[in-house]
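Novice: Quick one: this structure, given as structure tokens, is what I'll be asking you about.
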Amino acid sequence: MRNKGFTLLELLVAMALVGLIFAAFLQVFTGTLSQSTLTSARAELLKEGQIAVQVMASRLQEACYLYPSGSVVRMANSGYSTQKPDGSYDWTVGTDPILAMILPPNPESANPDSYRFYAYYPLGRGFYNRNAGASLQLEPDAANDGVWVLMEYRRNLDPTLTPGRLATCATLAQRLTNPDDLQGGTARVLVDYTQPEGGIYRLFTVNPAAATLNLRMQRALQGQNLSVGGGGNGLTVRVFPRNLTVLAP
């Protein structure tokens, strides 16, 4: 009589089948996990981009003056946080990707008599991380050194520089001829992983009465290039500043 049990051959075949099943399961699990990571990363890009657009749109709605195309804006004459890719510090609205504006005083702020200057512009992510101090650096990500970070620059203007009771903020902008008038402000990263301009894509479009924000997000992750942009997702909006024709207080 044959003893009940498995032969060595049967055990080897069973182990091989279990191994194949486990390998297939692992492949499906890894693929699902990878896809989930990419989906979450794309959703995070969209969320961060939408928040950045909301911040810029909020500033625009307050603005009493938009720097028109052709205006040259210099926020510093040294340092990295306001430096153009070509090494200069003169940003030209309409030519360079910059949005600049003046906001009226905020009576609830620590400087209730100061008009406020704001500007938004990009820096290369790798360039930013190579130059920023340790406390300001973003998470290292060599695969994305070529994308942009979008910066926000703000400065409270000299309270003695006032447009006058019967003038608009355009008068104030015309008085800001001293290079020191806009320097000495604070620059910070508004949003990370912004797509560089290319082709017909324009980050900012400014006309005398409105500005269009057209933000696109981009990140290389797990060998794939994630991109979020275009219409219908809250990253492209046109804003009409409500204070442009209002007399300054």
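Novice: Compute the long axis of helix 8-62 from its Cα atoms, compare it with the longest principal axis of the Cα atoms of the chain, and write down the angle in degrees, 0 to 90, nearest 10.
Specialist: 10
Novice: Cβ neighbours within 10 Å, averaged per peptide: list 85-97, 139-151 in order, most packed at the top.
Specialist: By packing density, highest mean first, the sequence is 139-151, 85-97.
Novice: Dipole magnitude of the chain about its Cα centre, charges +1 at Lys/Arg Cβ and -1 at Asp/Glu Cβ only, in debye to the nearest 20? The partial results should precede the final answer.
Specialist: Working: 20 positive and 18 negative charges, 101 e Å.
Rounded to the nearest 20 debye, it is 480 debye.
Novice: Taking amide hydrogens as modeled 1.01 Å from N in the peptide plane, which residues meet the under 5 Å criterion relative to residue 226, leaving out close sequence neighbours?
Specialist: It is 219, 220, 221, by chain and number.
Novice: Rank by packing, highest mean first: peptides 63-73, 103-113, 182-192, with packing defined as the count of other Cβ atoms within 10 Å averaged across residues. Spell out each step's value before the answer.
Specialist: Numbers: 63-73: 18.8, 103-113: 13.3, 182-192: 16.9.
Sorting 63-73, 103-113, 182-192 by mean packing, highest first, produces 63-73, 182-192, 103-113.
Novice: If you don't mind, another one. Considering only C-alpha atoms, what is the centroid distance from segment 146-222 to segment 56-106, in Å?
Specialist: When both Cα centres are located, 4 Å separates them.
Novice: Ok, one more. State the extension gain, in nm to one decimal, for the chain segment bounded by residue 205 and residue 130, taking 0.36 nm per residue of separation less the distance between their alpha-carbons.
Specialist: Stretched fully, the residue 205-residue 130 segment lengthens by 24.0 nm.
Novice: How far apart, in nm, are two points set 7 Å out from the Cα along the Cα-to-Cβ line at residue 238 and at residue 14?
Specialist: 7.3
Novice: With a ≥ b ≥ c the root eigenvalues of the C-alpha gyration tensor of segment 153-203, is it rounded (a/c under 1.5), prolate (a/b larger than b/c) or oblate?
Specialist: Here segment 153-203 falls in the prolate category.
Novice: Quick check on the chain: helices-only [θ] at 222 nm, where DSSP H runs of length 4 and up contribute -39,500 (n - 2.57) each and the sum goes over total residues. Nearest 500, please.
Specialist: Result for the chain, helices only: -9500 deg cm²/dmol.
Novice: In segment 26-110, what percent of the accessible surface is made up of carbon and sulfur (1.4 Å probe, ligands and nucleic acids excluded)?
Specialist: 53
Novice: Related question: Provide, in order from the shortest bin, the percent of all Cα-Cα pairs of the chain in each 10 Å bin, continuing until the bin that contains the maximum pair distance.
Specialist: Histogramming the chain at 10 Å steps yields 7, 26, 28, 16, 7, 5, 4, 3, 2, 1, 0, 0 percent.
Novice: Given points 7 Å out from each Cα along the Cα-Cβ axis, report the residue 90 to residue 106 separation in nanometres with one decimal.
Specialist: 3.2
Novice: Using the Kirkwood radius built from alpha carbon pairs, what does the Stokes-Einstein equation give as D for segment 97-233 at 4 °C and 1.567 mPa s, in µm² per second?
Specialist: For these conditions, the coefficient is 75 µm²/s.
Novice: Separate question: For labels at residue 161 and residue 143 in the simple 7 Å Cα→Cβ model, what's the distance in nm?
Specialist: Going from the residue 161 label point to the residue 143 one covers 4.5 nm.
Novice: Now, a different point. What does the extension gain come out to for residue 7 and residue 36, with contour length at 0.36 nm per residue minus their alpha carbon separation?
Specialist: Full extension from residue 7 to residue 36 adds 6.1 nm.
Novice: Between 17, 45, 221, find the one with the highest GNM mean-square fluctuation for the chain; connect C-alpha pairs within less than 10 Å.
Specialist: Result: 17 has the largest fluctuation of those listed.
The values are calculated or read from the model by the stated rules, or taken from the named source; none is laboratory data. None of these values were measured; they are calculated from a predicted model. Don't worry about glycine lacking a Cβ; one is built from the backbone with ideal geometry, like all the others, and counts go over all protein chains shown. Ligands, DNA and RNA are stripped out before the accessible areas are found, and what is left, the full protein with its side chains, is counted by its heavy atoms. Shrake-Rupley method; radii C 1.70, N 1.55, O 1.52, S 1.80 Å.
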